[in-house]
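The next block holds one structure in the form of structure tokens; read it before the comments.
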Amino acid sequence: MQLSSRRDFVIGSAAGLTALGAGMLPAAEAAADNQMVIAKWSGQESLNNDQINQAAGKMAEKAIEALGGMGRFVKRGDVVWVKPNIGWDRTPETAANTNPEIVGAIVKMCLDAGAKTVKVGDFPVHNARKSYASSGIAAATEAAGGKVVYLDETRFRNMDIKGEKVKLHPVYPEIIESDVVINIPVVKHHVLAKLTMCMKNYMGVIDKRREFHQDLPTCITDLTRFMQPRAKLQLLDGVRILTAHGPTGGNLADVKTTMTLAAGTDIVAIDAWGSELIGQKIDDIGTVVKADKSGLGTKDYRKLNPKEISVA
């Protein structure tokens, strides 16, 4: 557009500043309408483990940008809790935990968006300090400026879940007291639930997890509903996926490198995508079916018209 006068220039400049003041340019506004983004690696095919991790971080960045940027989810001054899967004393190539570079990328983006503090923590089954270290997540978090948190077992307190089956249950208060929770698990086989993805990753915010085993789909749906008000962003790591002997893993023969991930606002849709990624039928995954029926999202993720992006 050609501006014909100083007055036109002033009006045009004011309009631009208004858009900036709103925190978004037109392209970002359009991206903020996206509910789901699938990022796929299209760069160099033969990658070593370090290069795979670096690619994972880059895909995470681009996926969040395609959703409208981290500013869509994190506001200046927010306290953010990033919830990866750090359940096991395993290295990244085993796909038992979330890729560390994805965690680091998310932490950095939150801080760049103005977060006051970004905490990263899980309630591992294996020794926490060993799991945080061997997974690479502790180092990636600290390098990005985040705060590593080891959950104190004495601090869990009963909260009113108001679920169909789960009523009062011990939850870690520091997570619930955060302004924003960002959920970033990895796609894995699970011996009881068939798969563990975004919804099941919330079991890392509670104690007495064995009580959920009586009816995992219903209990996990109850917990997901409880978490929804503060958990606005889901990112599912499919860079390396664990296809068998989960959730512990440890055997590289069970790992498939798929170099993709999904991010979005609908936890059921993201888990449905993850089900197909690992080769399962969506309707065979009880947590996805139950949460869909409960109105927590849609298992028909294609209805969201997910935006697919290539990252190199």
Take the Cα of D152, step 7 Å along the line toward its Cβ, and report every residue of segment 163-196 whose backbone nitrogen sits under 12 Å from that point. 173-174
Signed unit charges on C-beta, dipole axis of segment 142-192, positive-most listed residue I161, S178, L151: I161
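Quick one: accessible area per residue over the chain, 1.4 Å probe, rounded to a whole number of Å²? Let's see the in-between values first.
Details: 13830 Å² over 312 residues.
On a per-residue basis, the chain sits at 44 Å².
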Toward the positive end of the charge dipole of the chain, about the Cα centre and with charges on Cβ (Lys, Arg +1; Asp, Glu -1), which of T98, A115, I38 goes farthest? A115
Can you give me the Cα centroid spacing of segment 273-308 and segment 103-174 in angstrom? 25
Carbon plus sulfur, as percent of the 1.4 Å-probe accessible area of the chain, comes to 48
Once you place label points 7 Å from the Cα toward the Cβ at D33 and Q51, how far apart are they in nm? 3.9
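Nearest 20 debye, what's the magnitude of the dipole of segment 84-171 about its Cα centre given +1 on Lys and Arg Cβ and -1 on Asp and Glu Cβ?
Details: 12 positive and 10 negative charges, 66 e Å.
Charge dipole of segment 84-171: 320 debye, to the nearest 20.
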Sum up the charges of everything whose Cβ sits under 10 Å from the Cβ of L151, counting Lys and Arg as +1 and Asp and Glu as -1, but leave L151 out. -4
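The values are calculated or read from the model by the stated rules, or taken from the named source; none is laboratory data. Computed from a predicted model, the values in this text were never measured in an experiment. No Cβ is skipped: glycine too gets one built from the backbone with ideal geometry, and neighbour counts run over all protein chains shown. Just the protein is used for accessible areas: all its heavy atoms, side chains included, with ligands, DNA and RNA removed. Shrake-Rupley method; radii C 1.70, N 1.55, O 1.52, S 1.80 Å.
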